[in-house]
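> Sharing a structure with you now.
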Amino acid sequence: MKQLRIVISNYDDIKNPYYAGGGATATHEIAKFLSKRHDVTVVTGNYKGAKDGIFDGVRYVHIGMSFGGPIVSQVSFALCFLCVLRRLSFDVWFENFIPPYSTSFLPLFANNPIIGVTTVLDAESFACKYHLPFHYIERFGLKRYRYIIALSSALKTKIKHINTNAEIRVIPEGVPSWYFHISPSEHPYVCFLGRIDVFQKGLDVLIDAWKIVVKKYSMIRLKIIGEGTPYDRQKLEQMINKLQLQNYVELIGRKEGNEKIRLLQNAMLAVFPSRFETFGIAVLEAFALGKPVICSDIKGFSWIDKSVCKKVSVDNIDYLAQAMILLLRDASLRKLYSEKGREFVKSFTWNRVAKEYEQFAIDVYEKSI
């Protein structure tokens, strides 16, 4: 097997203080696997305290400005992209799409193959959020890609409607295989795991629903695990204070490794009321750790079979509250969802996912020579 020079670009990384989301985890895990046999460089955004170098065997290069907060960092990352493209030698480049417009038109400027990765493909939703036409940029950009990885079959269908000539492979995200050997437990709390983005993640709906839940279960806490921008953090705190839920909701902040696993492992159930997602790696982690899951019924979660979790209408406070109350009341139903969910995601391991990335890279490289 030829050793390939592989670049993986993703604005987010696992140490980014503002995000550190599921896409960053996926990039790191895939890069770790590929680095065993190939020369791999991860290009990611800059931030205060970021350091270039080797981490877990993966070479990281940060581009853009390290000051000015997340918006300045993201904009400068996009502006520096083409300079890095010209500077780095590569055989195959995996470009993780980034919000709000997803694509960066990289294939227009590259001589070697670019594989687009649909870590984010929600420009229509971001257009609604910011009242800007990001979806036009996304549609135009998608037509420039010959090779694309779709995280789900639903995304493949969406892309095919826009770019009929693209070669698309469906490769989901994953979890470490040892997650399935961890025994789940139950402590008196419900958890949300993910980036604190009030609008996208539906945290406003969750807080309103929790106000209803605590009327019946005042001894159970809601633990929100994750971090976001100062604006979203402050907005969430204001909502909690306004509804006088300070004693019923805990903002845990960002947690990693065993601490994150312990918090998920011991929750009674995990809740994901997102308005939009591309895939949702945190949901996958909850399933793998044997947690009953409640999630919104959105296209981004269409890869999840309705029989293995409780799906509720997006933006419906009462439905979400009643779903949480139902599962908190019924231990046998929690056990059923725990077992079904875990079995459902047993094939979603990083080893399998990374092998599929490697094979796609090899296939694309061989077509290019």
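> Any residue in the stretch 337-357 that's within 10 Å of residue 173 (Cα to Cα): show its pairings with residues that are of a type in the set (Phe, Trp, Tyr) at Cβ separation under 8 Å, as long as the two are six or more apart or on different chains.
350/33; 354/33
> Can you find a residue that is of a type in the set (Lys, Arg), within 16 Å of residue 202 (Cα to Cα) and not in a strand (DSSP E or B) anywhere in the stretch 325-343?
First, the residues of the stretch 325-343 that are of a type in the set (Lys, Arg): 329, 334-335, 340, 342.
In the following step, the residues that additionally are within 16 Å of residue 202 (Cα to Cα) were identified as none.
Scanning the stretch 325-343, I find no residue that is of a type in the set (Lys, Arg), within 16 Å of residue 202 (Cα to Cα) and not in a strand (DSSP E or B), so the answer is no.
> Of all residues in the stretch 244-271, count the ones that are surrounded by 15 or more Cβ atoms within 10 Å (Cβ to Cβ) and either within 14 Å of residue 197 (Cβ to Cβ) or in contact (Cβ under 8 Å) with a residue 12 or more places away in the chain (or both).
Of the residues in that region, 19 qualify.
> Only one residue in 156, 143, 129 is at negative phi and in contact (Cβ under 8 Å) with a residue 60 or more places away in the chain. Which one? Before the answer, list the steps.
Working: 156 fails: in contact (Cβ under 8 Å) with a residue 60 or more places away in the chain; 143 fails: in contact (Cβ under 8 Å) with a residue 60 or more places away in the chain.
Answer to the selection: 129.
> While we're on this one: Within the stretch 1-31, track down each residue that is within 18 Å of residue 349 (Cβ to Cβ), over 11 Å from the mean Cα position of the chain (by Cα) and in contact (Cβ under 8 Å) with a residue 40 or more places away in the chain.
29, 30
> Among 321, 286, which is over 21 Å from residue 339 (Cβ atoms) and assigned to a helix (DSSP H, G or I)?
Exactly one residue qualifies, and that residue is 321.
> Also, I was wondering about something else. Filter the stretch 96-132 down to residues that are among the hydrophobic types (A, V, I, L, M, F, W, C) and in a loop (DSSP other than H, G, I, E, B), then give me how many there are.
7
> Within the stretch 276-297, does at least one residue satisfy the condition of being surrounded by fewer than 21 Cβ atoms within 10 Å (Cβ to Cβ) and over 25 Å from residue 14 (Cβ atoms)?
yes
Residue-wise test of (1) farther than 20 Å from residue 187 by Cβ; (2) of a type in the set (Ser, Thr, Tyr); (3) not assigned by TED's automatic domain parsing to the domain that holds residue 220.
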{"residue": "287", "(1), (2), (3)": "no, no, no"}
{"residue": "290", "(1), (2), (3)": "no, no, no"}
{"residue": "304", "(1), (2), (3)": "yes, no, no"}
{"residue": "317", "(1), (2), (3)": "yes, no, no"}
{"residue": "326", "(1), (2), (3)": "no, no, no"}
{"residue": "334", "(1), (2), (3)": "no, no, no"}
{"residue": "337", "(1), (2), (3)": "no, yes, no"}
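> Oh, and also: If you scan the stretch 56-95, which residues turn out to be in a strand (DSSP E or B), of a type in the set (A, V, I, L, M, F, W, C), without any contact (Cβ under 8 Å) to a residue 40 or more places away in the chain and under 14 Å from residue 6 (Cα atoms)?
Residues satisfying the conditions are 58, 61.
> What residue, among those in the stretch 67-92 that are loosely packed, with under 13 Cβ neighbours inside 10 Å and of a type outside the set (S, T, N, Q), is modelled with the highest pLDDT?
Within the stretch 67-92, the match that is modelled with the highest pLDDT is 87.
> Ok, one more. Name the residue, out of 179, 217, that is assigned to a loop (DSSP other than H, G, I, E, B) and over 16 Å from the mean Cα position of the chain (by Cα).
Values: 179 fails: assigned to a loop (DSSP other than H, G, I, E, B).
Matching residue, one of 179, 217: 217.
> Check residue 53 against each of (1) in contact (Cβ under 8 Å) with a residue 12 or more places away in the chain; (2) farther than 18 Å from residue 353 by Cα and name the one condition it does not meet.
Condition not satisfied by residue 53: (1).
> Something else now. All but one of (1) of a type in the set (S, T, N, Q); (2) more than 19 Å from residue 196 (Cβ to Cβ); (3) part of a loop (DSSP other than H, G, I, E, B) hold for residue 274; state the number of the condition that does not hold.
(2)
> Taking only the stretch 108-127 into account, find how many residues are more than 20 Å from the chain's Cα centre (by Cα) and closer than 27 Å to residue 276 by Cα.
Residues in the stretch 108-127 being more than 20 Å from the chain's Cα centre (by Cα) and closer than 27 Å to residue 276 by Cα: 1 in total.
> In the list 161, 181, which residue meets the criterion of being exposed (fewer than 14 other Cβ atoms within 10 Å of the Cβ) and within 24 Å of residue 33 (Cα to Cα)?
Just a single option satisfies the conditions, and that option is 181.
The values are calculated or read from the model by the stated rules, or taken from the named source; none is laboratory data. Predicted model only: the values in this text are computed from it and were never measured. Here Cβ is always computed from backbone atoms with ideal geometry, including for glycine, and neighbour counts include all displayed protein chains.
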